[in-house]
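Report on the structure given below.
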Amino acid sequence: MIDDGARRALEQLTLAFTDAFNRDDLDAVMGFFADDAVYDEFNGHRSTGKEAIRKAFVPQFRGDFGRIRFHAEDLFVDVAAGKSLISWTCTLERDGTKRAWRGLDILHVRDGRVVEEHTYAKAALPLLED
């Protein structure tokens with residue numbers, strides 16, 4: 001039997017996590033992670049622990065790449081496994097140019113905290129342009 005409350009909680013956690021990125025709120029993003037969390041980036045770089053993960057995110061939140069936003073497309077959750085998958089289109093605005101690409105995050109959640117985030121991107125460089 002599927003626990004609808006647990007399903008909704010995992011869906012809401014995933015959406016709130018993504019929303020914190022879109023609000024450029026690094027402290028809120030970090031509040032979702034467990035102390036021993038792992039962040040596996042689309043480029044293969046892996047950060048372990050909150051301090052290392054924060055350091056990996058600083059350039060993005062500082063605006064080094066431009067304005068980044070994630071537009072959710074699909075959301076799947078596996079409550080029993082404590083996992084969610086959210087696919088998105090990422091838009092990047094910089095110097096008057098807007099680019100976009102598709103990707104996804106797989107989150108592993110334990111006790112209401114993200115213990116692993118695996119990010120995958122459709123391409124090394126943005127392929128969709130407005």
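The values are calculated or read from the model by the stated rules, or taken from the named source; none is laboratory data. Quantities reported herein were computed from a predicted structural model and do not represent experimental measurements. Here Cβ is always computed from backbone atoms with ideal geometry, including for glycine, and neighbour counts include all displayed protein chains. When the accessible area is computed, the model is the full protein with side chains, heavy atoms only, and any ligands, DNA or RNA have been set aside. Shrake-Rupley method; radii C 1.70, N 1.55, O 1.52, S 1.80 Å.
Take the range 1-44 and flag every residue that is assigned to a loop (DSSP other than H, G, I, E, B) and within 17 Å of Ile68 (Cβ to Cβ).
Arg23, Asp24, Asp25, Glu41, Phe42, Asn43
Need the failing condition index for Thr18 against (1) at pLDDT below 95; (2) out of contact with any Lys or Arg (no Cβ under 9 Å at 6 or more places or on another chain), just the number.
(1)
In the range 33-42, how many are within 14 Å of the chain's Cα centre (by Cα) and open to solvent by 40 Å² or more (accessible area, probe 1.4 Å)?
Of the residues in that region, 1 qualify.
Every residue, every condition in (1) touching a residue at least 12 places away in the same chain (Cβ under 8 Å); (2) touching a helix residue (DSSP H, G or I) at 6+ places or on another chain (Cβ under 9 Å); (3) under 21 Å from Trp88 (Cα atoms), yes or no:
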site	(1), (2), (3)
Leu26	yes, yes, yes
Gly31	no, yes, no
Asp35	yes, yes, no
Glu41	yes, yes, yes
Gly49	yes, no, no
Arg54	yes, yes, no
Phe57	yes, yes, yes
Phe61	yes, yes, yes
Arg67	yes, no, yes
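So Ala16 clears everything in (1) in contact (Cβ under 8 Å) with a residue 24 or more places away in the chain; (2) open to solvent by less than 70 Å² (accessible area, probe 1.4 Å); (3) closer than 16 Å to Arg113 by Cβ; (4) out of contact with any His (no Cβ under 9 Å at 6 or more places or on another chain) except one condition, right? Which one?
(1)
Which strands (runs of 3 or more DSSP E) sit wholly inside the range 45-130 and have at least 2 residues that are closer than 21 Å to Asp35 by Cβ, open to solvent by 60 Å² or more (accessible area, probe 1.4 Å) and at pLDDT 95 or above?
Fully inside the range 45-130 and qualifying: 46-48.
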